[in-house]
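Engineer: Before we start, here is the structure in question, set down as structure tokens.
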Amino acid sequence: VILYIGELIMLTRRDFLRSSSLFALAPAVPLFIARTARAATADKNGHVLVVVQLDGGNDALNTVVPHADPGYEKLRPTLRVAKKDLVKLTDTLGLHPALKPLGKLLDAGHLAILPGVGYPNPNRSHFESMAIWHTARFDDEELRSYGWLGRALDPSAGTAYMVGGAVPTALRGRRSSAVALARIEDILLADPAAARHSAGPEANDDLLAFVRRQAVDAQVAADKLARLNGADGGARYPGTGLAVRLKLMARLLKADLGARVFYTAQSGYDTHANQRFTHAGLLNEFAGAVTAFFDDLQAAKLAERVTLIAFSEFGRTIKENGSAGTDHGTAGVVFVAGPGVAGGMLGSMPNLTELDRGEPKMTTDFRRVYATVLNNWLGLPTDGLGGTFEALPLFRAPA
Amino acid sequence: MAPTEHWRAYEPDAKAPWDLRRVVHLHRRAGFGATWAELQQDLKDGPEAALERLLRGSANTAAPIEFAATADTLAEAAVAAGEIGRLKAWWFYRMLFGPDPLGEKLTLLWHDHFATANAKVGDPGLMRRQNDTLRKHARGKFSDLLNASVREPALLAFLDAPANRKGHPNENLGRELMELFTLGVGHYTEADVKEAARALTGWTAHEGKFAQDPAKHDDGDKTVLGKTGKWTGADLVRLLLEQPATSERIALKLCRQFFGEKATPPEALKEFAAGLREHEIDIGWGVGVILRSKLFFTDANIRTRVLSPVEYVVGTARALGMFDPAPSTLALADWSARMGQDVFDPPNVGGWPGGRAWVHTRGLIARANFAAAVLTGPNAGRSAAYDPSLLPSQYGFGGEPAGVLTFHCRLLFGIDATDEVRQRVAGAEGRKLVAMLLSTPEGQLG
């Protein structure tokens, strides 16, 4: 029982009341029941992490463009983006113009951009590199096992939500679990009135009272979702796939399901040929969706609780190929967004002339990003990362 | 084991009569719920006959004659198509129609114990093979079950056994074998895990069957749980089976399966574990002791357990007699997954958290929506809507709302509606009334 005292303090009063009847029975309640009850209730009001996986290998060099680097134009004779079109980051760097919607987050200081994030001895297979990002492991044999977020949620047997698509390895843990959710209908009540009546009054029976409280909570959540489903509360999302998924995620957050980790993906970044318009379209979909997501959360007064990170399994070859595309490269750009984030460029741009097998060397180990997010934002253990990684100044000091 | 107060056999008396409430209780716990005809039959025949049918594997006397052949065809088609969704439907078919609900329930228990997810294995054929193995040994000796289960190719793949080789140990299988399949946390050290992994080196699957690769096996001395030898995987399993912690863990597992919260005092559990050990962890014996016990039929053990999604889904369809037409078992499997129990895809190697952890927002919403869907029909793949007056009329309750309420309360809960419940459902009629009963907090317990 001692084990839980420290964690109990972090619960809100409401959570505590909800759990207290169970904890009062602690000597009689097997530990596993106490643990699951806590896992089901302790997460509310805590910091939330949203991960957006950019599938296929995002072209880093045309995402954060080093326009002042004389090498850039040579590497990208047809794909280069003109300086005048870029969203200015620094005197030498600019964001791809399709990312313009991110300007709002950038100006508010709520967007950190980390170029050159990767790992030693980069692997250029989609599958293997993605597995490395998911597991933070390099051993072939561990690439199919548990994920960095799954491991971090293991001690608390936490739950993560995958919005759209199957549960990714990143969310797999030994004791934590992940729920795949693609349809809002899964958490809307078909007959809310009937559900309200069938819940019944407070019960004396401990187990029945527990189920009833949860049932009432479920109705409140479903009610909230139903209202949100009718009207978007003024949030305007673009009609893109990623926007639809982030909108669903925002609804889940508003309905207070209690999970602290949400995950989704945007695919299509494997741009081997004629990538100019494809890549611009993808970046624009990303920027528009993320911006709308934070606007929505801001209006719902939830944004302060949320940090979003976006990553891709690798960047692309710095030199464009013969078909106006790019091939599988190495380190890439990571975006970290949210009001808690210390915005701006973080870490250095990869050097375009000091190459290793034709590609630039990474400048920031991705596990430093993970360690910082886990420890400084979620307050979760980092020992699942398989080493100690120095924190990055990613977050603002708490006010 | 000398039967003590705790494990003395149940004999009906004034305090614990053999009434409808206890018959419903028995079927909810030992099976997936029963039809009105089955309940009445058992009420008439008495506890011995009812228990005998369940334990012998013939509780569902109305199982289709061609059940086994149909089930095999469904499984083979699912495997041939490589569609895990259809394999899930196959299992729900077995649970809904099969002659042996207790056998299916135990198979589900062992699927949870040796949790293996197709999401990683990616081979419906291996998943089916494993499921058949679990079913074959479901009420046999735990040593047979364990030995067969840890050699199942699906489990070996799930726990990275093929990657575990001499000089490159992968601890996954060794750790779960100790932590989850046998001893439980606290009964071994990290050093034991490392040594266990070495003993298991070379275990792999070849062409869908268990195989040992001598070239990958580390044949040096290992010290596991204080014993040193050139242990192989088979030796390791034997060593683990000898540990009292294993029988204790299986005792706890069986008690959690069949008892509700707080229903087994620690002394009772200890006694049961000792008995299991004396009987070489004979699962069938253990289940028999539990289901025949006074403890099982006491008031304090009735409606004190949260129904798992599979129990809720199959139990609803069975109790309401939805056999012809039946809901689509594909849809039943999908509804169960929405409630949080996706068979063949448990959330992790620890299986489903179970108990109170089943009770969460998404799960409760899915349960209420399922109740409405299965009664209406189409959203549960059923070609007809449920006629709420049909059974009440047939069994003499009349088709009026009062009769519909009384019949369904007795069918689902084994008791009459209290005034409070009547108040809650006041104004609701027909299918809506039945859906409300199924969605009550009481309806989630069994």
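The values are calculated or read from the model by the stated rules, or taken from the named source; none is laboratory data. Everything numeric here is computed off the predicted structure, so don't read it as measured data. Cβ atoms come from the backbone with ideal geometry, glycine included; neighbour counts cover every protein chain shown. Note: accessible area is taken over every heavy atom of the protein model, side chains too, but ligands, DNA and RNA are not part of it. Shrake-Rupley method; radii C 1.70, N 1.55, O 1.52, S 1.80 Å.
Engineer: When the chain is fully extended, how far beyond the present Cα-Cα distance does A:ASP186 get from A:ASP205, taking 0.36 nm per residue of separation?
Structural biologist: Between A:ASP186 and A:ASP205, full extension yields an extra 3.9 nm.
Engineer: Between their Cα atoms, which of B:LYS253/B:LYS294; B:LYS166/B:LYS194; A:LYS104/A:LYS247; A:LYS74/A:LYS100; B:LYS15/B:LYS262 are more than 22 Å away from each other?
Structural biologist: Working: B:LYS253/B:LYS294 19 Å; B:LYS166/B:LYS194 12 Å; A:LYS104/A:LYS247 18 Å; A:LYS74/A:LYS100 25 Å; B:LYS15/B:LYS262 20 Å.
Over 22 Å apart, Cα to Cα: A:LYS74/A:LYS100.
Engineer: Compare the peptides A:285-292, B:224-231 by average per-residue count of other Cβ atoms within 10 angstrom and give them in order, highest first.
Structural biologist: So the peptides A:285-292, B:224-231, ranked by packing, come out A:285-292, B:224-231.
Engineer: Mind checking the per residue accessible area of segment B:375-428 for me, 1.4 Å probe, whole number of Å²? Please report the intermediate quantities before stating the final value.
Structural biologist: Numbers: 2570 Å² over 54 residues.
It amounts to 48 Å² per residue over segment B:375-428.
Engineer: Using only the alpha carbons, work out the radius of gyration and Dmax of the protein assembly as shown in angstrom.
Structural biologist: Considering the protein assembly as shown through its Cα atoms, Rg and Dmax are 28.7, 94 Å.
Engineer: Additional query: If one computes the Cα centroid of segment A:159-189 and of segment B:13-79, what distance in Å separates the two points?
Structural biologist: 35 Å
Engineer: If I fit a long axis through the Cα atoms of helix B:266-278 and take the longest principal axis of the Cα atoms of chain B, what angle between them do I get, 0 to 90°, rounded to 10?
Structural biologist: 60 degrees
Engineer: In whole Å, what is the distance between the alpha-carbon centres of segment A:328-359 and segment B:190-245?
Structural biologist: 45 Å
Engineer: By its C-alpha gyration tensor, with a ≥ b ≥ c as the square roots of the eigenvalues, how is segment B:365-446 shaped: rounded for a/c under 1.5, else prolate for a/b larger than b/c, else oblate?
Structural biologist: Details: a/c = 1.80, a/b = 1.16, b/c = 1.55.
Oblate.
Engineer: Continuing with the same structure: Have a look at A:ALA108, A:GLY158, A:ALA170 and report the one farthest towards the positive end of the charge dipole of segment A:64-173, computed about the Cα centre with Cβ charges (Lys/Arg +1, Asp/Glu -1).
Structural biologist: Projecting each Cα onto the dipole axis, the largest value belongs to A:ALA108.
Engineer: Taking chain B as the reference, fit the longest principal axis to its C-alpha atoms, fit the long axis of helix B:36-45 to the helix C-alpha atoms, and give the angle between the two in degrees, 0 to 90, nearest 10.
Structural biologist: Computed tilt is about 80 degrees.
Engineer: What ranking do B:47-54, B:393-400, B:358-365, B:157-164 get when scored by the average of other Cβ atoms within 10 Å per residue, highest first?
Structural biologist: Descending packing order for the listed peptides: B:358-365, B:157-164, B:47-54, B:393-400.
Engineer: What does the extension gain come out to for A:ASP107 and A:THR92, with contour length at 0.36 nm per residue minus their alpha carbon separation?
Structural biologist: Contour length minus the Cα-Cα distance gives 3.6 nm.
Engineer: Give me a single rounded figure for A:133-145: the average over its residues of other chain Cβ atoms within 10 Å of their Cβ.
Structural biologist: Details: counts 0, 0, 0, 0, 0, 0, 3, 2, 9, 4, 0, 5, 8.
Mean partner shielding for this stretch: 2.
Engineer: Taking chain B as the reference, fit the longest principal axis to its C-alpha atoms, fit the long axis of helix B:84-97 to the helix C-alpha atoms, and give the angle between the two in degrees, 0 to 90, nearest 10.
Structural biologist: That helix lies at roughly 50 degrees to the long axis.
Engineer: So, one more: Where the centroid of each part is defined by its Cα atoms, how far is segment A:87-110 from segment A:116-142 in Å?
Structural biologist: First find each Cα centre; the distance between them is then 29 Å.
Engineer: Check every DSSP H run in chain A and write down those whose alpha carbon atoms cover 18 angstrom or more along the long axis and whose mean Kyte-Doolittle hydropathy is 1.0 or greater.
Structural biologist: On the way: long enough: A:206-230 (36 Å, 0.10); A:241-254 (20 Å, 0.82); A:275-299 (35 Å, 0.20).
Within chain A not a single helix satisfies the rule.
Engineer: Which whole number gives the average count of other chain Cβ atoms within 10 Å of the Cβ atoms across peptide B:424-435?
Structural biologist: Per residue, the average neighbour count from other chains is 2.
Engineer: Restricting to chain A, compute how many DSSP beta bridges are antiparallel as a %, nearest 5.
Structural biologist: 40 percent
Engineer: Quick one: how many Å² of B:SER389 are accessible to a 1.4 Å probe, rounded to 10?
Structural biologist: 40 Å²
Engineer: Of A:PHE335, A:PRO398, A:LEU385, which is farthest on the positive side of the dipole of segment A:320-399, counting Cα position, with +1 on Lys and Arg Cβ, -1 on Asp and Glu Cβ, and the Cα centre as origin?
Structural biologist: A:PRO398
Engineer: Applying a 10 Å radius around every beta-carbon, put A:194-202, B:203-211 in order of their mean neighbour count, most first.
Structural biologist: The packing order, highest mean first, is A:194-202, B:203-211.
Engineer: Same structure, new question: Given R₀ = 45 Å, FRET efficiency for B:SER383-B:THR298 by Cβ-Cβ distance, to 0.05?
Structural biologist: After rounding, the FRET efficiency stands at 0.60.
Engineer: Would you mind giving the mean number of other chain beta-carbons within 10 Å of the Cβ of each residue in A:197-210, as a whole number?
Structural biologist: Values: counts 9, 16, 7, 8, 3, 0, 3, 0, 5, 3, 13, 7, 1, 5.
Counting Cβ atoms of other protein chains within 10 Å of each residue's Cβ and averaging gives 6.
Engineer: Once fully extended, how much extra length lies between B:ALA211 and B:ALA14, figured as 0.36 nm per residue of separation less the alpha-carbon to alpha-carbon distance?
Structural biologist: Computed gain between B:ALA211 and B:ALA14 is 65.1 nm.
Engineer: How far apart, in nm, are the 7 Å Cα→Cβ label points at B:GLU52 and A:ALA391?
Structural biologist: 7.0 nm
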